[in-house]
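Visitor: One structure, as structure tokens, below. Some questions next.
Each reported figure results from applying straightforward, stated rules to the coordinates on display, with no laboratory input. Quick caveat: nothing in here was measured; it's all calculated off a predicted structure.
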Amino acid sequence: MALPADPHLRARGRPAAGLALGQGAAACLLLGLLAAGAGTALAQADLAASAAASGPVAEAVATGPADVSAPAASAAASQAEGLPVTAPPQPAPPPPPPPPVGLTHQVDEPRAYGHLVGDVVTRRIHLQLPAGLRLRGDSLPVPGRRGQAIELRAVEHQGPHTAARQTLVLRYQLFAAPLQPRVLELPPVLLDFEPVAGGRVQTLRIDAWPLQVAALGPAEASRRRGLDDLQPDALAPALDTRAARLRLGLWLTGLAGLLGGLAWVLLLRPYLLRRRQPFARLRRELAALPAQALAVDARAVFARLHAALREQAGRNLLARDLPDYLRTRPGLAPLADELHAFHAASETLFFLPQAGPAEGWDLARLRRLAEGLAAVEKLAPESLAGAGEGA
């Protein structure tokens, strides 16, 4: 509904309308301030939460360059002023665990000095366990390298794991070859024990042990003659060859004896036997006679040939026995005519005293007959065996 156009009413209503407008503006301003304060509070809460989550990292990032450079700058300033530089304090190592109750041990450590590369050192740990406690086998050290300078070569456990007295032997080998004396450490040993009936595992710690390793030589060789870096080759040491010479002498002696026996059996004995054969001996005897021997004593020369035939035949051999003799000795067949002629001349010479020297026989012919008999005796001795004689 439209209001009446009353000028008085309009004049009195203007202050009230302005007041209402001013109050609305104030209320809007207050609400805006309240909303802005709430948003600021929420932003501050979010920032505080994120700062609490990443506060150390952010602080480290923010203060990192200044904190890192501060010790270096302080050290540089101290060196410039000639003051001693001290290292920052290191955190203390954690205390060793307490040993098991009732357990006693003794460690036999190697000497701490005078070692060289390649040395083998031994640690012996003697344990005395209370009743009801046992050593866990999986806690024993495992052989292997302990860094670049020390290697655990062998682990020897003496006695059952539940025995009252046990010994653990650890053998280490050193591989460090320093140019200057250097101190190494045998690593600590941790052994676990547990009750036999089950319960809490307890640990025994064997502390590290220092070892001083000496240098093999100076870092630089002396320039004095004989101490240079390169040395002449050493002469090979003389070997004791007495035992070898003795063995060689025995072998050679045995070989010489063997060869001598073979030579005796195969060469010398047959040769001596052949020289002792009647026809061979006859040939040598006739060869040694002088040329006029037959003219001087023909019977003695013929008697030599008869003696050789008698020795070979094993009996007296006369002219009437000659056919049987030659039949049993086929090797003499080529000489049969000469043997018959010899026996005929021999009977004339021996049984007719008035007869002179055998006609047609001279020393050369007798020698040829003796050589023929000796040849058959040497080359075919089996043909003179006389098989079937007297049958």
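Visitor: Note the direction-averaged projected area, equal to a quarter of the hull surface, for the Cα convex hull of the stretch 104-213, in nm².
Guide: 6.7 nm²
Visitor: Follow-up question, since we're still on this one. Collect residues whose amide H, placed 1.01 Å from N in the peptide plane, falls under 5 Å from the amide H of H115; neighbours closer than 5 in sequence don't count.
Guide: For H115, whose amide H was placed from the backbone, the distant partners under 5 Å are Q212, A214.
Visitor: Further question on the same structure: Report, by chain and number, residues whose modeled amide H sits under 5 Å from the one on W209, excluding near sequence neighbours (fewer than 5 apart, same chain).
Guide: Those qualifying (amide H under 5 Å, at least 5 residues apart or on another chain) are L186.
Visitor: Using a ≥ b ≥ c from the Cα gyration tensor of the stretch 267-391 (square roots of the eigenvalues), is it rounded, prolate or oblate, where a/c under 1.5 gives rounded and otherwise the larger of a/b and b/c decides, a/b for prolate? Numbers along the way, then the final one.
Guide: Details: a/c = 2.16, a/b = 1.29, b/c = 1.68.
Judged from the Cα gyration tensor, the stretch 267-391 comes out oblate (a/c at least 1.5, b/c at or above a/b).
Visitor: What value does the stretch 96-138 have for Rg/Rh, both radii from Cα atoms and Rh as Kirkwood defines it?
Guide: 1.12
Visitor: Hey, another quick one. Once phi is turned into θ = phi - 60°, what whole-Hz ³J(HN,Hα) does the Karplus curve with 6.51, -1.76 and 1.60 give for every residue of the stretch 299-316, x standing for Gly and Pro?
Guide: The phi angles translate into 5, 5, 5, 5, 5, 5, 5, 4, 5, 5, 5, 5, 5, 6, 7, x, 6, 5 Hz.
Visitor: Apply the Karplus curve 6.51 cos²θ - 1.76 cosθ + 1.60, θ = phi - 60°, to the phi angles in the stretch 273-278 and return the couplings in whole Hz, x for Gly and Pro.
Guide: 5, 5, 5, 8, 5, x
Visitor: Mind listing the long-range amide H neighbours of A176? Cut-off is under 5 Å, sequence gap 5 or more, other chains count too, H placed in the peptide plane at 1.01 Å from N.
Guide: Under 5 Å from the amide H of A176 lie the amide H atoms of G118, each far enough along the sequence or on another chain.
Visitor: Then there is this: Using θ = phi - 60° and the Karplus relation 6.51 cos²θ - 1.76 cosθ + 1.60, list the HN-Hα couplings for the stretch 175-191 in order, rounded to whole Hz, with x at every Gly or Pro.
Guide: 10, 7, 10, x, 7, 10, x, 9, 9, 9, 10, 6, x, x, 10, 10, 10
Visitor: How big is Rg to Rh over the stretch 230-293, alpha-carbon atoms, Rh as the Kirkwood inverse-mean-distance radius?
Guide: Reported Rg/Rh, Kirkwood definition of Rh: 1.56.
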